[in-house]
1. Which count do you get for residues in region 207-236 that are under 29 Å from GLU286 (Cα atoms) and not hydroxyl-bearing (Ser, Thr, Tyr)?
2. Filter region 220-253 down to the residues that are in contact with an Asp or Glu (Cβ under 6 Å, 6 or more places away or on another chain) and not small (Gly, Ala, Ser), then identify the one that is surrounded by the most Cβ atoms within 10 Å (Cβ to Cβ).
3. Looking at (1) surrounded by 12 or more Cβ atoms within 10 Å (Cβ to Cβ); (2) of a type outside the set (Ser, Thr, Tyr); (3) farther than 14 Å from ASP350 by Cβ, can you tell me which one GLU549 breaks?
4. Go through region 165-197 and give me each residue that's free of Cβ contacts under 8 Å to residues at least 40 places away in the same chain and more than 18 Å from the chain's Cα centre (by Cα).
5. Can you say whether THR59 is β-branched (Val, Ile, Thr), over 18 Å from ALA362 (Cβ atoms) and at pLDDT below 80, as far as the supplied structure shows?
6. Considering each residue of region 519-577, count those that are among the acidic types (Asp, Glu), out of contact with any Gly (no Cβ under 6 Å at 6 or more places or on another chain) and more than 21 Å from ALA292 (Cβ to Cβ), and give that number.
7. Having 2 or more residues that are touching a Phe, Trp or Tyr at 6+ places or on another chain (Cβ under 8 Å) and closer than 30 Å to GLU489 by Cβ is the bar; report the helices (runs of 4 or more DSSP H) wholly within region 78-194 that clear it.
8. For residues that are within 15 Å of the chain's Cα centre (by Cα) and among the hydrophobic types (A, V, I, L, M, F, W, C), tally how many sit in region 199-249.
Amino acid sequence: MEKSARPRTALNECVKVVVRCRPLSEKEKNEGHEEVRKVRPEQKWYERLSTKPTPDSKTFNSPVQVVKVWAERGAVQVYNPKGQDKLFTYDAAYDCTADTQTIYDEMVRPLVASVLDGFNGCVFAYGQTGTGKTHTMEGTADHEGIIPRAFRHIWAHIENNASPDITHLVSCSYVELYLEDVRDLLAKDCKKLTIRGQELNGFYIPEMTSVVCKSAAEMVRTMRAGNRNRASGRTDMNEHSSRSHAVFLVTVETAHRTTNRIRVGKLNLVDLAGSERQRKTGAGGERLREAARINQALSSLGNVISALAENSPHVPYRDSKLTRILQDSLGGNSKTIMIANIGPASYNYDETITTLRYAHRAKAIKNKPVRNEDPKDAKLREYQAEIERLRALIERRRKRAPRARTRPPAPHEPEEETASIENEHILAASTIEQEKTKTEEIEHQIKALEERLVQGGGGKDLINDLNETQLILEQRNMEIAERKKREVEMQQKIDLEEETTAIVTNTFTTLQQEVDHKTQRLKKCLSKYACLREEAVEQREAHDAERREHEALQAALIAELRRRLLVADSFVPEAGRSTVLRLRYNDDADAWELPEHSGAEPLSERPVASGARRPTCALALASSEPRRRAHNLLDLRPLPLPPTARRYVPPAPAPPPAPHPAAAARAPVAALKGMDVVSKKESAAEGRRLSGRTRAPSAHQRLGTAGVR
């Protein structure tokens with residue numbers, strides 16, 4: 001009986017976190033990093049730790065392996081040369097002896113099975129550069145990674161569940177985030193794409209290339225074709241370092257003819273670029289710009305993880321395009337697995353601790369996966385509608401086609417032409433009949449071969465038996481993986497409850513035993529307190545180191561910016577520079593836009609007469625003399641105005657200070673009178689000279705002057 005309503009309730013599911021530790025690289029071995037493996041059967045765990053560091057090696061200058069993995073407990077312990085060891089627990093932990101097939105069977109296989117059932121899934125690798133993220137996700141020709149194993153799993157499921165009532169459609173897309181630009185790796189020109197936002201479905205990438213695949217081998221070829229367009233480079237820590245974040249999107253659509261429903265599952269396989277320290281990678285120039293963008297995106301991802309783990313009311317998804325792409329995978333409609341890759345060497349201690357802390361925080365993120373049934377954007381429904389339309393079109397054309405009938409010969413046609421036409425008709429009819437017979441024979445042969453394959457020649461359905469065996473094997477593997485996960489969870493609970501149960505069950509016969517027990521508890525509390533203090537100091541030091549790293553990177557980027565500004569000031573014209581300065585970046589459109597002119601007066605073009613070299617007035621155009629036609633007859637230059645500036649007149653000098661009474665008494669009176677007369681004449685002459693208004697003496701004055709003479 002068909003249900004009228006499909007379940008749409010979302011159950012909270014935490015992000016599953018897996019830690020994988022790679023082996024020592026050849027470079028680390030050449031530098032003296034030694035690996036000593038100690039097996040302890042009585043404790044049933046493997047210790048991956050070299051000899052204890054000497055006091056000289058506590059500065060991390062001498063090589064030592066500092067990571068050990070407890071796979072049975074899902075724990076990772078990191079040796080701290082400055083204090084107590086660090087212990088982290090996860091859903092699963094694998095050392096370098098574990099292969100990718102084990103990780104896939106125990107952790108990834110159930111996720112891919114849920115994608116085939118209509119859920120969204122995401123697997124992404126996170127960690128420092130050179131820790132094996134690309135090896136884990138893509139692998140090599142000899143050692144397949146998670147992505148090609150997921151391809152084979154999908155097509156094995158489709159082949160095992162083959163039925164005339166079930167139709168499958170598998171499509172792939174491949175994009176990368178390089179320098180904060182989303183690029184299509186499957187397009188010929190690797191065109192840039194924009195990220196759009198939806199109210200319910202979060203962010204999505206329109207116009208990206210989607211390739212329909214019909215086998216696992218075709219999907220692998222598609223992935224390799226995209227990898228050839230992916231940005232990569234060489235650094236001091238990694239010979240083939242990924243310089244971009246890559247996302248391989250697989251969409252599986254399943255249509256059931258009986259129920260008339262379509263389920264769509266989406267699987268995001270993400271290979272993140274690793275975090276880098278400039279002093280270790282030796283990056284410069286373009287590699288430095290790439291490292292800055294990579295670290296910025298990973299820092300935004302860490303902020304999103306912290307906000308989701310702390311149940312913050314605001315999650316900064318819009319701080320980076322990487323967090324926009326992973327919005328559904330972190331806190332949305334998806335089942336997510338995070339694979340944290342770490343290195344065992346001591347000189348990567350800070351990066352290893354940072355990766356493990358972010359991975360431990362990600363365990364607290366809760367998603368709400370929902371089965372996607374009958375979505376509006378299902379391509380399978382579009383294809384089915386197109387097929388029905390084409391079939392109807394063919395049927396209509398068949399009905400309209402005229403039937404072949406013999407035409408009686410016209411009286412004016414000669415008998416020879418009529419006979420040749422009839423022979424051609426007979427020959428064409430025989431040819432069609434032969435082709436039809438051959439087609440029927442081939443169809444019978446194909447049908448016989450299919451019956452042989454299905455029945456096996458002896459009445460046994462070999463294909464169905466093989467499919468059933470594969471289904472049973474897949475179910476058994478999933479059951480084994482589920483049991484291992486339960487064992488790890490139970491072991492973690494036992495380790496956590498051992499201390500609390502010991503407090504309750506202990507009984508003391510003497511006061512000395514109670515004192516000893518409480519002393520031990522006090523020591524444990526003090527050790528925990530010391531660990532917390534050490535962790536606070538380490539976080540402060542890590543923050544300072546990161547701040548110094550950002551400051552150095554900022555200084556390098558500022559120098560690069562100044563160099564480019566110098567080039568722009570030297571070679572970009574002034575008109576173009578003003579236009580460039582008006583550009584504004586639109587986050588929604590993901591493009592630079594030129595806003596409209598906001599001046600008070602509208603911009604108008606300079607009026608130019610047709611056929612003239614310069615703007616010409618109407619009076620000049622009406623002139624009969626062509627030589628003066630291109631000249632302006634109106635002189636519109638400003639008229640000269642009389643000068644209005646006045647000559648500067650300095651202020652009058654201050655009067656001399658009064659002489660001392662005693663000195664005045666000693667000076668002769670005649671000298672004082674002479675000085676007074678001279679000063680009056682000089683001041684009058686100076687006043688007349690500065691004012692420029694020297695008047696001609698009158699007749700009376702001239703007569704008086706002559707009389708004096």
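The values are calculated or read from the model by the stated rules, or taken from the named source; none is laboratory data. What you see is a predicted model; the values in this text were computed from it and never measured. A quick note on method: Cβ atoms are made from the backbone with ideal geometry, for glycine too, and the neighbour counts reach across all protein chains shown.
1. Taking region 207-236 first, the residues under 29 Å from GLU286 (Cα atoms) are 207-209, 222-236.
Now drop any that are not not hydroxyl-bearing (Ser, Thr, Tyr), which leaves 207-208, 223-231, 233-234, 236.
Total meeting the criteria: 14.
2. So the first thing to find is which residues in region 220-253 are in contact with an Asp or Glu (Cβ under 6 Å, 6 or more places away or on another chain), and the list is 230, 243-244, 246.
Right, trim to not small (Gly, Ala, Ser) and you get 230, 243.
On the way: ARG230: 18, ARG243: 23.
So the residue we want is ARG243.
3. Exception for GLU549: condition (3).
4. The answer is ALA187, LYS188, ASP189.
5. On the way: β-branched (Val, Ile, Thr): yes; over 18 Å from ALA362 (Cβ atoms): yes; at pLDDT below 80: yes.
Yes: the conditions hold for THR59.
6. Looking only at region 519-577, we keep the residues that are among the acidic types (Asp, Glu), and these are 534-535, 538, 541, 544, 546, 549, 551, 560, 569, 574.
Now drop any that are not out of contact with any Gly (no Cβ under 6 Å at 6 or more places or on another chain), which leaves 535, 538, 541, 544, 546, 549, 551, 560, 569, 574.
Subsequent filtering for residues that are more than 21 Å from ALA292 (Cβ to Cβ) retains 535, 538, 541, 569, 574.
Within region 519-577, residues that are among the acidic types (Asp, Glu), out of contact with any Gly (no Cβ under 6 Å at 6 or more places or on another chain) and more than 21 Å from ALA292 (Cβ to Cβ) number 5.
7. Details: elements: 100-103, 109-116, 133-137, 146-160.
Helices (runs of 4 or more DSSP H) meeting the threshold: 100-103, 146-160.
8. Of the residues in region 199-249, 7 are within 15 Å of the chain's Cα centre (by Cα) and among the hydrophobic types (A, V, I, L, M, F, W, C).
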